[in-house]
1. VAL67's amide H: which non-local residues (gap 5+, or another chain) put their own amide H closer than 5 Å, with H modeled 1.01 Å from N in plane and none for Pro or chain starts?
2. Can you list residues whose amide H is under 5 Å from TYR217's amide H, if they're 5+ apart or on another chain and H is modeled 1.01 Å from N?
3. Which pairs break 28 Å Cα to Cα here: LYS414/LYS504; LYS394/LYS504; LYS394/LYS414; LYS424/LYS504; LYS321/LYS394?
4. Ignoring ligands, DNA and RNA, please state the percent of accessible area on the range 381-427 from carbon and sulfur, probe 1.4 Å.
5. So for the range 161-245, averaging the separation of alpha carbon pairs under 8 Å that are six or more residues apart and normalising by length, what relative contact order in percent results?
6. Just to verify a number: what accessible area does HIS490 come out at with the full protein assembly present, 1.4 Å probe, Å² rounded to tens?
7. With every protein chain left in place, what is the accessible area of TYR237 in Å² (1.4 Å probe, nearest 10)?
8. What Kirkwood hydrodynamic radius do you get for the range 49-207 when you take the inverse of the mean 1/r over all pairs of distinct Cα atoms, in Å?
Amino acid sequence: MRRRRVLYDATSRAAADAAELLRGEFDVAGLSVAADPTADGPVVVLVGRDATDPRWGEAPLRVVALVGRDGADPWPTHWYAVLPEGVSAAILARAIDNAFADLDRAAEAARLDREMARLDRELSELNAIGIRLSAERNPRDLIETILTKAREITHSDAGSLYLVEEAPDGTRDLRFVLAQNDSVDIPFRAARLPLTSESVAGHVALTGVILNLEDAYSPPGGAPFHINRSFDEETGYRTRSMLVVPMRTPEGETIGALQLINCKPDFSTRLRPGGAIQAMVQRFTARHEQLAGSLASQAAVAIQNRRLYENIRELFEGFVKASVTAIESRDPTTSGHSARVANLTVGLAAAIDRSDTGPYRATRFSPEEMTELRYAALLHDFGKVGVREQVLVKAKKLLPGELDRIRQRVELIKRGLELRYAGKKIDHLLEKGRRRYATQAADFDAELAAYVAELDQSLARIVAANEPAVLPRDFAAGIERLAVNLFEDHVGNREAVITPEEAKILAIPRGSLTPAEFKEATVHTRRRSRRKRRSTSWSTSDRPATSTARCSTSSSKRRSTSRRRSPPSAPQQQTDAAPCDDRAERHERSQDLAAGPQALQVLSGSRQKKRARSATVKQRVRDCMRAHTDLLRELPASAAR
């Protein structure tokens, strides 16, 4: 063991005498003013009472001063001990030993401080890495963050990441997803490897045990794996130290392996191919294993969470598709309406997002908001699944069975009239015989024919009024009179062609739904959609879609104009959805759907084009109403009986 060094001030007689007493136990030498006394390690300095060099106060040394009996304090604060001149060798040696012990304690305290600072820094880095991994949504960026941070905390020059993936048939492979190297450019190519122990990553993924190799070219005896040297041979790189860590989830499942190569003294150092790698590369320490293992566990959780997130997204996509299929199957005449509304809405939002001028130049949509908008547009008519089919697909005012019942009623009335007038003929024969029978029978036949003609005309009016068109007021009044115009049969029963309830339905001035049916379709759709949105366990990121869907449902659109325009505080997605739904419905009613880009151009046209288009539509409606009214008036009106 090397002896401890003691330096003395040669200008002090007392210090020189004391040094002579220590030569047998310590390495004693004179103090040089020019040289650094601590250059060769810890040292104790012997000085006289006149030595007051302030530099020694912060140096890693201890000062023992020798003073005379007449020496007066205060003494310098950096002196460790003060002894009288002529002190004995034993006391002096004990003081020197105590000084060196104090130096050792100070060095140990400094080392512990450095260790604590390093641990605190590493813990902070791991926490920061964990926060970043949990916040990263992009799968590619997540993989790059994992490998980059693992190399940083272990001072690795290179590294690669492998993920275990399961095929549909149940077999598992090892996918090589990323490689990094600070010293050599890597022409990375993704590849799939069999999950076996022949490769280092495969062996670690199967066993779940950390593998630390001092020299990758010299694996332990009996190891089932071997190192692929093809990359080193092509680039001149030398893979030396290697640390391979399994990425295990809290459930114990290994989902990948993290391979770190060539530990460097400093992460910023670049290794040059050749002998420099051999000299600079270090072995990965146990601390590196702990850090890499901790990060690999966090990475496994982040990757698993990302996969679960994607699975939930796929499940939700399936739910949306199934819901849209259920919605479209309820009303085949508007099949594809939800998809058209979604395409128009997303296209309009994309056009707004690209706009650099106008009132929406500052409006931008994130990818999450675009996805939210698409979901809301697809599900805006979800409440249709709760509406009765006969109301939802009602094409005319009367249901098919109801119109058939009216036709049967007309036939029964005709048969009753025929029997009634046949009875009149028989009564005439029984009372008056054949006298003037032919004339009276002809009169009876004429009356019966008039009734039959009136019934046929009434049925024609009913069939015309059954169409979901705009009815003139006088025509609607004539329909209502059919409910009070009674026909008497052969037994004296009086019956009208239609009932008062049927007359109210046929007298609907516009459309095919009665007020009660319209309320059922709108209110039930809104309530059913709201109940479905509330009963579904939406994720936090998907909840805004429910609010957007509410503001784009058919019931919301039929409310006041202020509601349809959306309040200023409403998200822009809600403002975009309603006009797209309106536009899609108008196109579907006219059976003149435009292509996507043309529809967007129409939506973003100028006000003058909108006014011209509105005038054209109004003119077409007036022409259709006029033609329908003329057709109804051409039907001959019968005299009320």
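The values are calculated or read from the model by the stated rules, or taken from the named source; none is laboratory data. Computed from a predicted structure; not experimentally measured. Please note: Cβ atoms are built from the backbone with ideal geometry, for glycine as well, and neighbour counts cover all protein chains shown. Quick note on the areas: whole protein, heavy atoms, side chains included, nothing else; ligands and nucleic acids left out. Shrake-Rupley method; radii C 1.70, N 1.55, O 1.52, S 1.80 Å.
1. LEU83, GLU85
2. none
3. LYS394/LYS414; LYS424/LYS504
4. 54
5. Relative contact order, the range 161-245: 24 percent.
6. Looks like 100 Å² after rounding.
7. Counting only protein heavy atoms, the figure is 10 Å².
8. 22.0
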